[in-house]
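Visitor: Following this message is one structure expressed as structure tokens.
The values are calculated or read from the model by the stated rules, or taken from the named source; none is laboratory data. Since we're looking at a predicted model, the values are computed, not measured. Neighbour counts run over all protein chains shown; Cβ positions are idealised from the backbone, glycine included. Please note that ligands, DNA and RNA were not included when accessible areas were found on the heavy atoms of the full protein model with its side chains. Shrake-Rupley method; radii C 1.70, N 1.55, O 1.52, S 1.80 Å.
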Amino acid sequence: MELNRDQLLDAYRRMRRIRAFEEKLYDLVTAGKLPGFLHLYAGEEAVAVGVTMHLTDRDFIASTHRGHGHCIAKGVDMQRMMAELFGRSTGICKGKGGSMHIADLDVGMLGANGIVGAGIPLATGAALTAAIKKNGAVSVAFFGDGASNQGQFHECLNLAAVWKLPVLFVVENNGYGEATPCEFATSVTDIAERAHAYGIPGVIADGMDLFDVFEKAGEALKRARDGEGPTLLECKTYRYFGHYVGDPLTYRTKEEAEEVRQTRDPLERFEQNIVEEGGISAEELRRIDGAVAEEIEAAVAYAEAAPLPSPEEVLTDVYVSN
Ligand SMILES: Cc1ncc(C[n+]2csc(CCOP(=O)(O)OP(=O)(O)O)c2C)c(N)n1
Ligand SMILES: [Mg+2]
């Protein structure tokens with residue numbers, strides 16, 4: 001599966017947007033300028049981008065507590081995301097959701113999710129809808145290694161396999177669930193192996209390599225669109241920041257994180273590849289970096305200038321109001 005020049009630049013831009021967005025949030029939170037409890041996606045960019053490059057707005061994704069990268073990759077507006085994080089009324093959910101509840105149905109983003117594993121049934125349900133409507137859409141559930149120990153993961157894989165639903169289950173194995181190393185809590189080394197229990201393909205991708213994720217997600221989504229059913233795609237990846245901003249990171253060494261950054265960084269590896277083999281110059285990429293930095297600054301300015309929701313709105317857009 002070859003990527004043309006426009007696709008290569010687009011993939012780089014999307015990964016750079018995610019990285020820059022998350023680094024900006026880290027700075028804002030640590031400077032006390034942004035409230036909330038944030039889980040950053042930096043390090044895992046190749047997974048969200050490599051998968052969503054195969055999707056259109058008609059296709060759905062469901063995300064996690066670590067959802068900003070999925071949102072950006074799927075095309076959610078960064079200014080309105082930033083306003084949401086700042087709790088402003090122009091935010092994507094009118095400032096009432098915050099980091100873990102960003103959703104935008106217009107671009108097929110079913111939502112970040114504060115409940116570990118809860119995006120999996122949402123994506124499975126969206127795939128059931130697509131199958132009933134026969135509209136050719138697919139859905140993708142992104143979730144972590146920790147979530148793959150949840151009952152709903154197993155229930156959904158089974159049902160999606162039985163009904164041959166057009167869904168891709170993407171497990172982002174970043175080695176930890178909060179402070180718990182994967183091997184401490186998970187019965188298998190390769191989570192992809194769990195697919196075989198449900199009679200569906202289980203595939204492993206290098207989640208730090210855009211090309212590998214793109215290719216393997218493409219094959220799985222083709223199967224899904226062709227009516228051949230679901231796939232479990234395990235992307236081996238790493239999160240650069242802690243579980244949340246403020247995590248003291250006592251459970252892993254600085255050296256471990258530094259080594260991954262030095263040797264496996266998804267943006268650096270991608271850049272090296274496309275400069276050496278894709279006919280793209282480093283200057284072009286620096287121009288993209290500059291443009292993305294301006295987009296992020298504009299998003300922060302937009303958010304800071306936006307009004308807070310008025311107190312009268314506190315009971316609107318909620319299911320239970322008394
Ligand atoms: C049902 C449920 N159980 C526990 C939690 C607390 N919790 C939040 S994130 C997390 C770890 C999730 O790990 P993983 O699925 O590997 O995702 P990662 O944070 O590594 O991206 C836990 C236990 C929760 N939010 N929901
Ligand atoms: Mg994890």
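Visitor: Considering only residues that are closer than 17 Å to V292 by Cβ and either touching a residue at least 60 places away in the same chain (Cβ under 8 Å) or of a type in the set (D, E) (or both), look in the stretch 67-79 and name the one that is least open to solvent (accessible area, probe 1.4 Å).
Guide: The qualifying residue least open to solvent (accessible area, probe 1.4 Å) is M78.
For every residue, the table says whether it meets (1) within 15 Å of ligand 1 (Cβ to nearest atom); (2) in contact (Cβ under 8 Å) with a residue 60 or more places away in the chain; (3) more than 30 Å from T56 (Cβ to Cβ).
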| residue | (1), (2), (3) |
| --- | --- |
| Q150 | yes, no, no |
| A179 | yes, yes, yes |
| I191 | yes, no, no |
| L210 | no, yes, no |
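Visitor: Looking at the structure I just gave you, is R286 over 22 Å from the mean Cα position of the chain (by Cα) and among the basic types (K, R)?
Guide: yes
Visitor: Then there is this: Which is of a type outside the set (F, W, Y) and within 16 Å of ligand 2 (Cβ to nearest atom), of E193, E178, E228, E219?
Guide: Being of a type outside the set (F, W, Y) and within 16 Å of ligand 2 (Cβ to nearest atom) holds for just one of E193, E178, E228, E219, which is E178.
Visitor: Condition first: more than 16 Å from E84 (Cβ to Cβ), outside any loop (DSSP other than H, G, I, E, B) and open to solvent by 10 Å² or more (accessible area, probe 1.4 Å). Now tell me which residues in the stretch 21-66 satisfy that.
Guide: E23, Y26, D27, T30, F60 - these are the residues of the stretch 21-66 that are more than 16 Å from E84 (Cβ to Cβ), outside any loop (DSSP other than H, G, I, E, B) and open to solvent by 10 Å² or more (accessible area, probe 1.4 Å).
Visitor: Which residues, counting only those in the stretch 103-124, are within 14 Å of D59 (Cβ to Cβ), open to solvent by 30 Å² or more (accessible area, probe 1.4 Å) and part of a helix (DSSP H, G or I)?
Guide: Within the stretch 103-124, L105, D106, L122 qualify.
Visitor: For residues that are open to solvent by less than 10 Å² (accessible area, probe 1.4 Å) and closer than 23 Å to Y244 by Cα, scanning just the stretch 125-151, find the one that is nearest to ligand 2 (Cβ to nearest atom).
Guide: So, considering only residues that are open to solvent by less than 10 Å² (accessible area, probe 1.4 Å) and closer than 23 Å to Y244 by Cα, the one nearest to ligand 2 (Cβ to nearest atom) is D145.
Visitor: Please determine whether any residue of the stretch 230-237 is of a type in the set (V, I, T) and not in a helix (DSSP H, G or I).
Guide: Yes; the residues of the stretch 230-237 include at least one that is of a type in the set (V, I, T) and not in a helix (DSSP H, G or I).
Visitor: Continuing with the same structure: Could we say that I200 is within 16 Å of ligand 1 (Cβ to nearest atom), open to solvent by less than 40 Å² (accessible area, probe 1.4 Å) and in contact (Cβ under 8 Å) with a residue 24 or more places away in the chain here?
Guide: no
Visitor: Which of the residues that make up the stretch 81-101 are farther than 18 Å from E313 by Cα and surrounded by 22 or more Cβ atoms within 10 Å (Cβ to Cβ)?
Guide: M81, M82, S99
Visitor: Pairs needed: first member in the stretch 1-22, touching a residue at least 12 places away in the same chain (Cβ under 8 Å) and under 17 Å from G290 (Cα atoms); second member anywhere, among the aromatic types (F, W, Y) and assigned to a loop (DSSP other than H, G, I, E, B); C-beta distance under 8 Å; at least 6 residues apart or different chains.
Guide: I18/Y41; E22/Y41; E22/F241
Visitor: Turning to a different aspect of this structure: Determine which member of the set L159, L210, L110, L168 is more than 21 Å from the chain's Cα centre (by Cα) and aliphatic (A, V, I, L, M).
Guide: Exactly one residue qualifies, and that residue is L159.
Visitor: Hey, can you tell me all the residues within the stretch 216-241 that are among the charged types (D, E, K, R) and either surrounded by fewer than 16 Cβ atoms within 10 Å (Cβ to Cβ) or more than 24 Å from L28 (Cα to Cα) (or both)?
Guide: Listed by number, the residues that qualify are K216, E219, K222, R223, R225, D226, E228, E234, K236.
Visitor: Take the residues of the stretch 152-177 that are open to solvent by less than 60 Å² (accessible area, probe 1.4 Å) and in a helix (DSSP H, G or I): which is farthest from ligand 1 (Cβ to nearest atom)?
Guide: Within the stretch 152-177, the match that is farthest from ligand 1 (Cβ to nearest atom) is A161.
Visitor: How many of the residues making up the stretch 242-269 are more than 13 Å from ligand 2 (Cβ to nearest atom), open to solvent by 20 Å² or more (accessible area, probe 1.4 Å) and either in contact with a His (Cβ under 6 Å, 6 or more places away or on another chain) or outside any helix (DSSP H, G or I) (or both)?
Guide: Qualifying residue count for the region: 6.
Visitor: Name the single residue that is least open to solvent (accessible area, probe 1.4 Å) among those in the stretch 178-192 being among the hydroxyl-bearing types (S, T, Y) and not in a strand (DSSP E or B).
Guide: Taking the candidates together, the pick is T186.
Visitor: Do we find that T56 is at pLDDT 95 or above and over 13 Å from the mean Cα position of the chain (by Cα) in this structure?
Guide: So T56 passes the test.
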